[in-house]
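Structure, as structure tokens:
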Amino acid sequence: MSLAQLQHLSKTYALGQLRVQALTDVSLQLQPACFTVLSGPSGSGKTTLLNLIAGIDRPDQGDVRIAGQSLQQLSDNALTDFRARHIGYIFQNFNLLPVLSAFENVEYPLRLNQTPAAQRRKRVLELLDAVGLADKSNHRPNQLSGGQRQRVAIARALVHQPLLVLADEPTANLDSQTGAQIIMLMRDLQRQQKTAFVFSSHDPQVIASADHLVLLKDGHLQSPQPLQEAV
Amino acid sequence: MIALALRNLWRNQRRSATTLLAMMIGMLSILLFGGYSRTVYYGLETDFVGRSGHLQLQRKDYFWFGSGDPQGYSLQNYTELVTDIQQDPVLAPLLRVVTPVLQFGGIAGNFDAGLSKLVIVQGVDVEGQNQLRQWNDYQLAITPELLSIDPAAPDQAEIGIGVARMLQLCTQLALKDCPQPDAGSPASNAGTLSADITALAATTAQSTTASLDQSGARLELLAASTGGAPNVSRLQINRAVTTGAKELDEVYLAMQLKQAQTLLYGEAGQRVTALQIQLQHSADLELARTRLQHLIDSRWQQQPLEVHDFQTLNPAFGQITGMFSAIFGFITILISAIVLFTVGNTMSMAVLERTVEIGTLRTLGLRRSGIRRLFVSEGLLLGLTGAVLGTLLALLLAALINQAGFAWLPPGSSNPVPITIRLWGEHQMLLSISLTVVLVATVSAWWPARRAAQQDVVDALRYV
């Protein structure tokens with residue numbers, strides 16, 4: 001049984017007077033507890049597809065179903081609540097809240113889900129320990145390196161045990177060594193937490209670590225295929 | 001949410017401080033003027049209530065026509081009315097003083113200088129009147145000016161400083177700053193009074209003032225008695241006082257009630273033009289008025305009566321307080337507009353700068369209403385902080401001004417008035433102004449907050 005079904009997704013953006021077809025009739029199934037990479041050249045529609053799966057954007061046509069729930073049928077508030085409960089998101093620029101400490105950043109999704117304080121604390125410390133930042137829990141983002149910030153972002157994405165973690169080019173702003181460490185960390189955590197990860201990336205390191213590779217070109221799905229064939 | 005809002009404000013310390021400073025200056029302006037207005041209100045009220053009581057019981061229409069006919073519009077059996085009021089179970093606990101007054105117009109003459117002057121005479125019960133003047137419900141830093149008349153000396157009186165000047169009694173009363181007319185001016189060449197008035201005064205003086213102190217200032221008071229016949233009373237003037245208003249100083253004469261009644265109604269006259277009723281607290285005015293009206297309608301039907309409050313009797317009170325209220329309202333609106341735009345601008349800048357952060361929060365699962373609440377909370381916190389700091393600053397500055405002892409001369413006044421800012425203890429004013437500022441700051445944040453909440457998540461995340 002697939003975790004997410006993407007059915008005939010199409011999306012067009014207006015760029016001034018120009019209409020840009022970002023995605024055309026994309027259908028795909030994402031498996032649970034798998035490491036899936038969306039790859040393709042710039043402008044191929046990776047981020048758009050990721051946004052549609054995350055429910056932060058809506059398709060012009062088609063539907064996204066996650067764990068049987070059609071995102072199209074959800075109201076704005078219901079979709080937001082769905083994201084808060086079931087989706088984790090890792091941004092290319094980390095997007096940590098600058099006024100919160102590492103602990104508070106990781107804790108934030110649990111606050112949104114109204115998790116009890118004691119439970120929140122236990123879970124956050126567990127995650128910070130898992131990403132190797134237990135000793136930096138009181139640090140603000142500006143006191144952390146790029147790699148450390150992304151670790152905090154990963155912990156934040158996993159803390160509420162989502163069904164699906166989405167990552168938009170998570171290694172793009174990191175040097176290759178740090179990027180490799182981050183990929184290894186995410187791979188380990190994905191196995192430990194048994195969560196499905198979906199990345200958009202054209203970083204070969206990321207692609208090499210994937211269970212499934214989805215290739216996109218000009219908004220069209222080239223192939224969801226086993227990694228060996230793509231590489 | 002509040003903690004996050006607080007940190008966001010702290011994050012942009014300079015901008016938050018500038019906004020707070022604008023709000024504090026606004027609060028300061030409103031509160032200092034409000035505190036000064038309050039001093040003026042209380043000062044005027046204390047003055048008017050000290051002179052005329054909170055309420056006056058008069059014969060019907062005396063207010064409109066009585067000064068032209070004090071005989072016709074006088075109260076009869078007033079001692080019974082006083083007793084009724086003092087023993088009424090509703091009024092008694094509210095009362096401070098009930099004292100009669102007889103007011104009429106007359107001509108004061110200085111025979112020695114051959115001068116005369118129209119005056120407004122207050123025939124008063126000295127003890128009652130002095131008690132009336134000591135009312136100070138607002139604990140103002142004032143010393144009440146009591147009557148100098150000895151209750152045991154029936155011919156004693158006091159006059160306004162203007163009356164003394166015009167009747168050339170300054171030397172006798174040892175008044176400083178009292179100009180004398182130049183030699184050759186009409187006042188210095190004033191002739192003697194007509195022979196008939198002089199003779200009438202001499203007769204009255206011989207018959208009634210054998211014990212009158214022959215030293216000091218004296219004058220003759222001419223008034224029309226019942227039936228219109230002229231009558232004269234010879235008075236010994238204890239001192240000349242200033243009432244605070246030049247116009248009043250030139251007509252003021254206060255004398256013993258008994259003497260005034262004899263002058264106007266003869267030996268058997270037991271009438272007054274009003275009963276001055278002073279309450280312990282102004283807050284009880286409406287209750288007392290209602291009760292008096294009830295007594296008028298139910299018990300005192302033998303003569304037509306009506307009751308007036310001090311605001312009706314002193315229209316200047318309403319005019320002055322109205323003017324101050326209008327200025328206060330204008331300043332409040334002006335400052336509110338400044339706060340509205342300052343906070344609105346600060347929040348708009350914050351929304352613009354934190355666009356990506358808004359997108360992040362929405363992606364993590366914060367609803368649009370949550371975004372709205374976040375920014376409105378920041379406006380609310382700015383308002384609260386501005387209100388608290390503004391109030392503290394205003395209290396501090398008010399204390400400094402009060403200590404400095406500044407004074408000014410209000411229009412129409414002959415005495416300088418100290419500039420006092422009354423804020424301490426004015427909880428209602430402090431609270432209402434603070435709430436206004438907090439409300440305006442919160443409303444100012446509403447529009448930028450709404451704009452922040454309506455942003456598309458993807459557009460917000462892409463914002464550079």
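We did not get these values from a lab; they are worked out from the coordinates using the rules stated. Computed from a prediction, not measured in an experiment: that's the story for all the values here. Heads up, the Cβs are rebuilt from the backbone with ideal geometry, glycines too, and the neighbour counts pull from every protein chain shown.
Under 5 Å between amide hydrogens, built in the peptide plane, is the criterion, and for A:K217 it picks out A:Q222 among residues at least 5 positions away or on other chains.
Looking at the calculated P(r) for the protein assembly as shown, what percent of the C-alpha pair distances fall above 39 Å?
Looking at the protein assembly as shown, the distances longer than 39 Å represent 58 percent of pairs.
Taking every DSSP beta bridge that has both ends in segment B:61-303, the antiparallel portion is near 75%. Put simply, the amide H of A:Q29, placed in the peptide plane, has neighbours under 5 Å in A:L6, leaving out anything fewer than 5 places away on its chain. Counting only the backbone N, which residues of segment A:196-216 are under 17 Å from the spot 7 Å out from the Cα of A:D25 toward its beta-carbon? From segment A:196-216, the list is A:216. Dipole orientation for segment B:61-303: of the candidates B:P144, B:Q156, B:Y73, B:Q156 has the Cα lying most toward the positive pole (charges on Cβ; Lys, Arg +1; Asp, Glu -1). Between helix A:102-112 and chain A, what is the angle of the helix's C-alpha long axis to the longest principal axis, kept within 0 to 90° and rounded to the nearest 10? The angle comes out at about 60 degrees.
Rounded to the nearest 5, what % of DSSP beta bridges with both residues in the protein assembly as shown are antiparallel?
70 percent
The calculated Kirkwood hydrodynamic radius for chain A is 17.9 Å, given to one decimal from all distinct C-alpha pairs. Can you compute log10 of I(q)/I(0) for segment B:61-303 with the Debye formula, treating each Cα as one identical point scatterer, at q = 0.14, 0.16 Å⁻¹? Result of the Debye calculation: -0.97, -1.20.
Comparing B:L235, B:Q303, B:Q86 along the charge dipole axis of segment B:61-303, the residue lying farthest to the positive side is B:L235, per the Cβ-charge model.
Under 13 Å from a point placed 7 Å out from the Cα of A:D211 along the Cα-to-Cβ direction: which residues of segment A:154-177 have their backbone N that close? A:164-165, by backbone N distance to the label point. Calculated FRET efficiency, B:R14 and B:L175, Cβ-Cβ r, R0 56 Å, to nearest 0.05? According to the calculation, E is roughly 0.35. For chain B, the fraction of C-alpha pairs farther apart than 37 angstrom is 47 percent. Would you calculate the separation in nanometres between label points at A:D81 and B:V356, each defined as 7 Å from the Cα along the Cα-to-beta-carbon direction? Going by the 7 Å Cα→Cβ label model, 3.2 nm. Ellipsoid fit via the Cα gyration tensor, segment B:1-67: semi-axes of 53, 13, 9 Å, each the root of five times an eigenvalue, largest first. The alpha carbons of segment B:403-464 give a radius of gyration and a Dmax of 24.0, 73 Å, in that order. Under 5 Å from the amide H of A:L166 lie the amide H atoms of A:G88, A:Y89, A:I90, A:V198, each residue being 5 or more positions distant or on a separate chain, with H modelled from the backbone and absent for Pro and chain starts. Using a cut-off of 28 Å between Cα atoms, the listed pairs A:K122/A:K194; A:K11/A:K194; A:K46/A:K194; A:K46/A:K136; A:K194/A:K217 include A:K11/A:K194; A:K46/A:K136; A:K194/A:K217 as exceeding that distance.
With each run of n ≥ 4 DSSP H residues scored as -39500 (n - 2.57), what mean residue ellipticity at 222 nm is computed for the protein assembly as shown after dividing by its residue count and rounding to the nearest 500 deg cm²/dmol? Present the calculation step by step, with values, prior to reporting the outcome.
Numbers: 24 runs with 329 residues, N = 695.
Computed ellipticity for the protein assembly as shown at 222 nm equals -15000 deg cm²/dmol.
Isolated cysteines in the protein assembly as shown, defined as those with no second cysteine Cβ under 4.7 Å, comprise A:C34. The gain in end-to-end length when the B:A316 to B:T242 segment is fully stretched comes to 24.8 nm, 0.36 nm per residue minus the alpha carbon separation.
With +1 assigned to the C-beta of every Lys and Arg and -1 to the C-beta of every Asp and Glu, and no other charges, what is the dipole magnitude of segment B:9-126 about the Cα centre in debye, to the nearest 20?
Result for segment B:9-126 is approximately 1120 debye, rounded to the nearest 20.
Helices meeting the span-like rule in chain B (full DSSP H runs, Cα extent of at least 30 Å along the helix axis, mean Kyte-Doolittle score of 1.0 or higher): B:315-353, B:368-404.
Size of segment B:326-368: Rg and Dmax of its alpha carbons, in Å, are 16.6, 51.
Kirkwood's formula applied to the C-alpha pairs of segment B:14-138 gives a hydrodynamic radius of 18.8 angstrom.
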